[in-house]
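Q: Just dropping this structure here.
The values are calculated or read from the model by the stated rules, or taken from the named source; none is laboratory data. As the structure is a prediction and not an experimental result, all values here were calculated from the model. Heads up, the Cβs are rebuilt from the backbone with ideal geometry, glycines too, and the neighbour counts pull from every protein chain shown.
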Amino acid sequence: MKIRKAKLRIRLYLSCALALVCVVGIAISTYKIIEWAIDSSRTKGQEQEISDIADAKEKDDDNTTEVVQQKEPDPKTGPYWDYIKMKLIDVDFSELIKKNPDTVGWISLSGTNINYPVVQTTNNDFYLNHTFDRSYNQAGWVFADYRNSVDGNDKNMIFYAHGRVDGTMFGTLRNVLTNGWLNNPDNFTVRTSNARENALWQVFSVYHIETTTDYIKTGFNDDQDFQSFTNMLINRSAFNFHTNVTGTDHILTLSTCYSNTERVVLHAKLIKRSVKE
């Protein structure tokens with residue numbers, strides 16, 4: 001009889017413990033959902049404020065525009081020849097810098113929602129959980145690798161942002177392999193602007209990969225070392241863009257989270273730039 005009562009008590013305790021775990025789990029999930037919704041709302045508020053004080057305007061080529069000539073020319077019918085005719089974007093950063101002195105540029109990726117100012121600080125951690133106005137926000141912001149000089153001279157310029165499921169930040173980048181983005185060659189360009197220059201980049205690689213750091217290399221011994229690096233990126237691509245990249249090129253890397261252990265990465269090479277007066 002005593003053994004039966006003891007077993008009943010144990011079952012009761014286990015049932016209560018399980019119920020408590022379920023309640024705690026539901027509470028945590030509810031909190032996370034609410035927190036995510038609040039962060040999302042604040043991010044959209046930041047986007048609206050930014051659109052009120054800055055605009056990425058298209059700019060015609062002028063006497064400062066430089067087309068990066070191809071060492072191994074694409075066929076005259078290739079997309080490169082169409083892309084270099086595209087207008088650059090130009091951004092006045094004066095009001096953005098007043099709002100956040102960490103502002104170093106602007107990025108726009110064709111066929112996505114990515115159209116944001118880029119920030120940079122002394123590490124790659126702060127803007128993982130702070131928004132453009134530097135307030136705490138798990139949505140983070142688009143930021144440049146702290147090792148980059150952001151002056152257009154680095155061989156591999158790297159921008160990061162979270163792959164938000166609501167499509168903000170690099171949320172639309174995380175889906176380029178699955179949403180038909182690859183079906184339209186008009187999407188394969190990135191436009192950037194900073195205080196020094198406006199630039200156009202041609203996409204040459206995109207892939208989904210387990211988390212690694214081999215693609216965020218910023219220092220290279222020589223052009224041959226860089227050529228080996230870009231060959232690795234091209235061979236890794238989930239799509240053949242038929243784009244030549246040489247050791248003398250400059251590239252832009254966009255990296256976002258797909259999950260806690262996976263990343264979606266896009267690379268593009270510089271094909272046109274215009275120095276700001």
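Q: Just give me the residues in segment 122-155 being over 24 Å from Val206 (Cα atoms) and buried (at least 17 other Cβ atoms within 10 Å of the Cβ), in sequence order.
A: Phe126, His130, Thr131, Phe132, Asn137, Gln138
Q: Looking at segment 184-218, which of the residues that are over 16 Å from Asn156 (Cα atoms) and among the aromatic types (Phe, Trp, Tyr) is surrounded by the fewest Cβ atoms within 10 Å (Cβ to Cβ)?
A: Filtering first and then ranking leaves Tyr207.
Q: Val104 is checked against (1) farther than 19 Å from Thr243 by Cβ; (2) within 12 Å of the chain's Cα centre (by Cα); (3) of a type in the set (Val, Ile, Thr); (4) in a strand (DSSP E or B) and fails just one. What number does that condition carry?
A: Failing condition for Val104: (2).
Q: In segment 140-156, what residues are of a type outside the set (D, E, K, R), farther than 14 Å from Pro101 by Cβ and modelled with pLDDT under 95?
A: Across segment 140-156, the qualifying residues are Ser149, Gly152, Asn153.
Q: Here's a follow-up. Is it the case that Val104 is of a type in the set (A, V, I, L, M) and at pLDDT 95 or above?
A: On the way: of a type in the set (A, V, I, L, M): yes; at pLDDT 95 or above: yes.
Considered against the rule, which asks whether it is of a type in the set (A, V, I, L, M) and at pLDDT 95 or above, Val104 comes out as yes.
Q: Quick check on Tyr136: is it touching a strand residue (DSSP E or B) at 6+ places or on another chain (Cβ under 7 Å) and farther than 14 Å from Tyr160 by Cβ? Before the answer, list the steps.
A: Working: touching a strand residue (DSSP E or B) at 6+ places or on another chain (Cβ under 7 Å): yes; farther than 14 Å from Tyr160 by Cβ: yes.
Here the answer is yes, as Tyr136 does meet what is asked.
Q: Here's a follow-up. Scan segment 150-164 for residues that are in a loop (DSSP other than H, G, I, E, B) and out of contact with any helix residue (DSSP H, G or I) (no Cβ under 9 Å at 6 or more places or on another chain) and report the count. Explain how you work it out, then say what you get.
A: Of all residues in segment 150-164, those in a loop (DSSP other than H, G, I, E, B) come to 150-155, 162, 164.
Filter once more, so that each one left must be out of contact with any helix residue (DSSP H, G or I) (no Cβ under 9 Å at 6 or more places or on another chain): 150-154.
Qualifying residue count, segment 150-164: 5.
Q: Something else: Looking only at residues in segment 46-91 that are at pLDDT below 85 and within 23 Å of the chain's Cα centre (by Cα), which one is farthest from Asn187 (Cα to Cα)? Full working, then the answer.
A: Here is the first cut: in segment 46-91, the ones at pLDDT below 85 are 46, 55-56, 69-78.
This time we only want the ones that are within 23 Å of the chain's Cα centre (by Cα), so: 46, 55-56.
Working: Gln46: 26, Asp55: 20, Ala56: 18 Å.
This residue is Gln46.
Q: All but one of (1) under 19 Å from Val203 (Cβ atoms); (2) in contact (Cβ under 8 Å) with a residue 12 or more places away in the chain; (3) in a loop (DSSP other than H, G, I, E, B) hold for Glu277; state the number of the condition that does not hold.
A: Every condition holds for Glu277 apart from (1).
Q: Answer yes if at least one residue in segment 125-133 is under 25 Å from Glu58 (Cβ atoms) and at pLDDT 95 or above, and no otherwise. Spell out the reasoning first.
A: Within segment 125-133, the first condition is being under 25 Å from Glu58 (Cβ atoms), and the residues that meet it are 132.
Filter again for at pLDDT 95 or above, leaving 132.
Checking segment 125-133: at least one residue is under 25 Å from Glu58 (Cβ atoms) and at pLDDT 95 or above.
Q: Now a separate question. Please note which strands (runs of 3 or more DSSP E) are completely contained in segment 176-262 and include at least 1 residues that are in contact with a strand residue (DSSP E or B) (Cβ under 8 Å, 6 or more places away or on another chain) and among the charged types (D, E, K, R).
A: Details: elements: 189-193, 197-210, 251-257.
Correct list: 189-193, 197-210.
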